[in-house]
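These notes concern the structure reproduced below.
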Amino acid sequence: MTTPGTPIRIAVIGSGPAGFYAAGHLLKGSESAVEVDMFERLPTPWGLVRSGVAPDHPKIKSVTRIYEKTAAHPRFRFFGNVELGRDVSREDLLERYHAIVYATGSPKDRPLGIPGEELPGSHAATDFVGWYNGHPDYCDHEFDLSCERAVVIGNGNVALDVARMLTLTHEELACTDVADHALEALDASEIKEIVVVGRRGPAQAAFTNPELLELGELADADVIVSSEELERALAVNDPNMDPTSERNVKVLRDYAQRTPTEKRRRIVLRFLLSPVELRGDEHGVGEIVLGRNELVVGGDGRLRAGDSGERETIATGLVMRAIGYRGVPLPDVPFDERTATIPNEGGRVIGPDGPHRGEYAVGWIKRGPSGVIGTNKKDAQETVDALLSDFSAGALLEPSEPDPDAIEALLRERVPSLVTYEGWSEIDRHEQSLGEPQGRPRVKLTRIEELLRVAAGESLTAEPLDTLGLR
Ligand code: NAP
């Protein structure tokens, strides 16, 4: 499709699964003349694989081996610690690349919009996930785990990750790459019960089967489901049930039959309940008011939650909302506030003024926060197919400064602590070497300053961070 000597240069913004699958497809699909530069805000790559996937899911994280192969490609470069809008503008990129692929994901949480949501002790699950995974933006967050009961709102896999993380024993966690600050806090947690609240029924839950099954196998936590509540929710037939929901229902019916053993903690799965209000005072949340729902058929034929008017109050000191992620706008790039995505057709960016030549979107910022990591592979293929077909049609950009050295010179001038892939490899080696004696895959560095120093080849042990005021 492309010929040597006429390289097309692509900027990929974001180094999570979507960005890496797009880069991989681009480099594989070309004869020799596609060059990919990947820009990442953090000094570290892998997006949610590093900072979203739960620490006790190492198999899922091993997908990075595929991304490492892409990164080793001679026509791939990684530019970490570079933020679009702060260090480079869209204009800078339009002048230097034949196309830009936005792969920035959905980094923010969705709010519930109920009274009391801002009380201390009420958190976005996204913050908790970033915190236990050592994401630099969240390492200073504090989660008070001194109460007996936590409530997690939502029936997706993030809700299950959060609930499970709150129950894991020291032995289950200490062999993972969980952030050290989180390991310490979770070890000291006094939480005994985690109530996971779904606004619809078990047949409408967004959990996937392995994640739900995992709850039944925890070392020191029982899973509790009320048979009565389950059957009440299942009394309304859902014509849209798929094999995943059918299997979920089977698993939940099995859980409902279990007799709790005297494990240290319990996860209680509740259904047909919507959060209405959080009550408490300046010290924090004290209770959550839940509205009991009935399943009603919506205009689109899907079952939705209808408020019955009945209320239930649960005492809790910790509430996590796990009701989905949200994309954020990028400077000068079209954005649809309603879907929190970049408007696009099959990956081609469409602004209010029509198609944006040479601009593409991939992953969650393209389609919203849905699917598992592998979903992004197919999604990226669609975007890359569109891009390559536009290339064949002569419909990419014509940059004025396509020389690969030009962008690097600009970045080195503006970002003195630019992190290349070699810099990331230094971080990777350092983290793994810290983890090895402890039998852990790695010990994550969680401070930008530390990451940048290690990326630059400095030894952290040479001068204690404390004396440099970095801790
Ligand atoms: P999700 O799968 O979209 O689930 C969101 C949940 O929040 C749904 O149960 C939804 O209920 C509920 N919800 C939305 N608005 C609500 C409201 N106002 N009040 C009460 N409940 C509300 O989102 P997620 O859990 O954040 O996961 C995001 C994506 O990442 C998913 O595709 C997920 O599978 C993936 N993920 C995968 C893994 C894994 O593979 N292990 C781990 C984590 C995340 P309704 O259905 O009624 O809207």
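The values are calculated or read from the model by the stated rules, or taken from the named source; none is laboratory data. Please read these numbers as outputs of a predicted model, since none were measured by experiment. So basically every Cβ, Gly included, is an ideal-geometry build from the backbone, and we count neighbours across all protein chains shown.
Residue count for region 386-412, restricted to those that are assigned to a helix (DSSP H, G or I) and under 28 Å from GLU337 (Cβ atoms): 3. Among all positions in region 75-84, there is no residue which is part of a loop (DSSP other than H, G, I, E, B), within 12 Å of the ligand (Cβ to nearest atom) and not aliphatic (A, V, I, L, M). Look at region 105-117: where a residue is within 20 Å of ASN376 (Cα to Cα) and a partner is more than 11 Å from the ligand (Cβ to nearest atom) and among the β-branched types (Val, Ile, Thr), sitting 6+ places away or on another chain with Cβ atoms under 7 Å, you get GLY105/ILE365; SER106/ILE365; PRO107/VAL328; LYS108/VAL328.
You will find that of ARG367, ARG412, ARG442, the residue that is away from the ligand (no atom under 16 Å from the Cβ), surrounded by 17 or more Cβ atoms within 10 Å (Cβ to Cβ) and among the basic types (Lys, Arg) is ARG442 and no other.
Just to be sure before I move on: is ASP180 more than 9 Å from the ligand (Cβ to nearest atom), surrounded by fewer than 20 Cβ atoms within 10 Å (Cβ to Cβ) and under 22 Å from the mean Cα position of the chain (by Cα) in the structure I sent? Talk me through it step by step, then tell me what you get.
On the way: more than 9 Å from the ligand (Cβ to nearest atom): yes; surrounded by fewer than 20 Cβ atoms within 10 Å (Cβ to Cβ): yes; under 22 Å from the mean Cα position of the chain (by Cα): yes.
So ASP180 fits the description; yes.
In region 114-141, what residues are of a type in the set (D, E, K, R), in contact with a helix residue (DSSP H, G or I) (Cβ under 7 Å, 6 or more places away or on another chain) and in a loop (DSSP other than H, G, I, E, B)? Write out each step before concluding.
To start, the set of residues in region 114-141 that are of a type in the set (D, E, K, R) comprises 117-118, 127, 137, 140.
Retained after the next criterion (residues that are in contact with a helix residue (DSSP H, G or I) (Cβ under 7 Å, 6 or more places away or on another chain)): 127, 137.
Across region 114-141, there are no qualifying residues.
From the list ALA103, ALA99, the lone residue that is within 16 Å of the ligand (Cβ to nearest atom), more than 30 Å from VAL197 (Cα to Cα) and buried (at least 20 other Cβ atoms within 10 Å of the Cβ) is ALA103. Taking (1) surrounded by 17 or more Cβ atoms within 10 Å (Cβ to Cβ); (2) more than 12 Å from the ligand (Cβ to nearest atom); (3) aliphatic (A, V, I, L, M) in turn, VAL297 satisfies each apart from (1). Taking the condition touching an Asp or Glu at 6+ places or on another chain (Cβ under 7 Å), touching a residue at least 12 places away in the same chain (Cβ under 8 Å), basic (Lys, Arg) and closer than 17 Å to GLY216 by Cα, does ARG149 pass? So ARG149 fails the test. In region 398-420, the residues that are modelled with pLDDT of 95 or more reach residues that are hydroxyl-bearing (Ser, Thr, Tyr) with C-beta atoms within less than 6 angstrom, at least six apart or across chains, in these pairs: PRO399/TYR97. All of (1) part of a loop (DSSP other than H, G, I, E, B); (2) surrounded by fewer than 21 Cβ atoms within 10 Å (Cβ to Cβ); (3) more than 16 Å from the ligand (Cβ to nearest atom) hold for ASP428 with one exception: (1).
Kindly indicate whether any position in region 388-397 is among the small types (Gly, Ala, Ser), at pLDDT 95 or above and within 16 Å of the ligand (Cβ to nearest atom). Scanning region 388-397 turns up no residue that is among the small types (Gly, Ala, Ser), at pLDDT 95 or above and within 16 Å of the ligand (Cβ to nearest atom).
Considering region 341-364, the residues that are part of a strand (DSSP E or B) and among the acidic types (Asp, Glu) include one that is farthest from the ligand (Cβ to nearest atom), namely GLU359. What pairs come out if I take residues in region 368-385 that are in contact (Cβ under 8 Å) with a residue 24 or more places away in the chain and in a helix (DSSP H, G or I) and pair them with residues that are within 16 Å of the ligand (Cβ to nearest atom) and hydroxyl-bearing (Ser, Thr, Tyr) whose C-beta lies under 6 Å away, six or more apart or interchain? So the pair list comes out as ASN376/TYR21; LYS377/TYR21; ALA380/TYR21.
Each residue in region 237-278 was checked for being polar (S, T, N, Q) and either surrounded by 12 or more Cβ atoms within 10 Å (Cβ to Cβ) or in contact with a Gly (Cβ under 8 Å, 6 or more places away or on another chain) (or both), and 5 pass. Restricting THR169, THR208 to those that are surrounded by fewer than 22 Cβ atoms within 10 Å (Cβ to Cβ), of a type in the set (Val, Ile, Thr) and within 15 Å of the ligand (Cβ to nearest atom) reduces the list to THR208. Residues of region 90-113 that are aliphatic (A, V, I, L, M) and in a loop (DSSP other than H, G, I, E, B): ALA103, LEU112. Scanning region 49-74 for residues that are away from the ligand (no atom under 16 Å from the Cβ), of a type outside the set (Ser, Thr, Tyr) and buried (at least 18 other Cβ atoms within 10 Å of the Cβ) yields one hit, ALA71. Residues being of a type outside the set (S, T, N, Q) and under 21 Å from PRO55 (Cβ atoms) are entirely absent from region 403-423.
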